[in-house]
1. Provide Rg over Rh for the chain; use the alpha carbon set for both Rg and the Kirkwood Rh (inverse mean inverse pair distance).
2. Restrict the search to the stretch 88-171; then list the GluC sites (Glu not before Pro) that DSSP places in a loop and that have at most 12 other Cβ atoms within 10 Å of their Cβ.
3. Extent of the stretch 68-126 along each principal axis, from alpha carbon coordinates, in Å, largest to smallest?
4. When a footprinting reagent is the concern and you count Cβ atoms within 10 Å, what order do 106, 232, 128 take, fewest first?
5. Among 250, 137, rank each residue by its count of other Cβ atoms within 10 Å, from fewest to most, as a rough exposure measure.
6. Past the 26 Å Cα-Cα mark, which pairs from 199/259; 185/259; 199/225; 59/199; 121/164?
7. Averaging sequence separations of C-alpha pairs under 8 Å and six or more residues apart, then dividing by the length of the stretch 163-257, give the relative contact order as a whole percent.
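Read-outs throughout are calculated quantities, based only on the coordinates presented, and are distinct from any laboratory measurement. Keep in mind the model is a prediction, meaning the values are calculated, not measured. So basically every Cβ, Gly included, is an ideal-geometry build from the backbone, and we count neighbours across all protein chains shown.
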Amino acid sequence: MAGIIIVALAIWGIFTLWGYFTYIQTNNAQIDEHVNPIISKAGGLIVAVKFEENQLVAKGDTLLIIDNREYILQQQQTEAAIQKTRAQLQLLESNSHALKAEKEIVQAELNRLAALLHSHKLDISYTVITAPYNGRMGRQAVETGQLINAGETLAYIVNNETDKWVVANFKETQISYLHIGDSAKLIADAYPEQTFSGKIISFSPATGSRFSLLPPDNATGNYVKIVQRIPVRIRIDGNKKDLELLKAGMNVNVYIPKKQRHE
């Protein structure tokens, strides 16, 4: 039994060392894709929610409906004001003793009301919230009967029309071996027996710590040298069926064949 364990450990050690000599690798990597909020441009009472969490939706599908009665009343009031102003303008044009300055004032008011009417029509259109693209709905943050304000986040949608990618945080000592266009082998923790492929498409312009809320200040006197991480973006290749398995936030192990360092 001891001999079997020693042999198994030796084989494991050989493969591990071979992997370190052959690949630049990291397990500090996650799947990412476009996850965007659904935000209302109009405030009011939610009268209907037309989707459920995790539901597939197509571009233009109705997601939420906001009570538009107040916006319709505002539009009707503006339309009535436009009719009154037009009548005043006709009266001035039929009277040879109407002054030119008065007609210009009335015409300016008519233009202002026309712009206001257009604004009211836009507000009414905002009360029906539709899917901006084909995707899958995420977390729902609103229910029927809830009163919302303009600019409030109501739900989240995952874009199915764009690529998925991996953000791999490589050590700064590994970056010199990596090049844009290098192929990558990806193994997700959720599917350890399946290998995905990808390609490096970009490097971050700064280390991850520089984009944090409170970047470290090395001039404070308590400097401790820590190996920094550089985010590297890797596009995932493959058919749509396989890519559906990968979800944003999943952990991934990344292996990139080691090449010559940059000069």
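1. 1.25
2. 143, 161
3. Result, largest extent first: 45, 14, 10 Å.
4. Listing 106, 232, 128 from fewest to most nearby Cβ atoms yields 128, 106, 232.
5. In order of increasing Cβ crowding within 10 Å: 250, 137.
6. Numbers: 199/259 14 Å; 185/259 15 Å; 199/225 31 Å; 59/199 29 Å; 121/164 38 Å.
The pairs that break the limit, which is 26 Å between Cα atoms, are 199/225; 59/199; 121/164.
7. 46 percent
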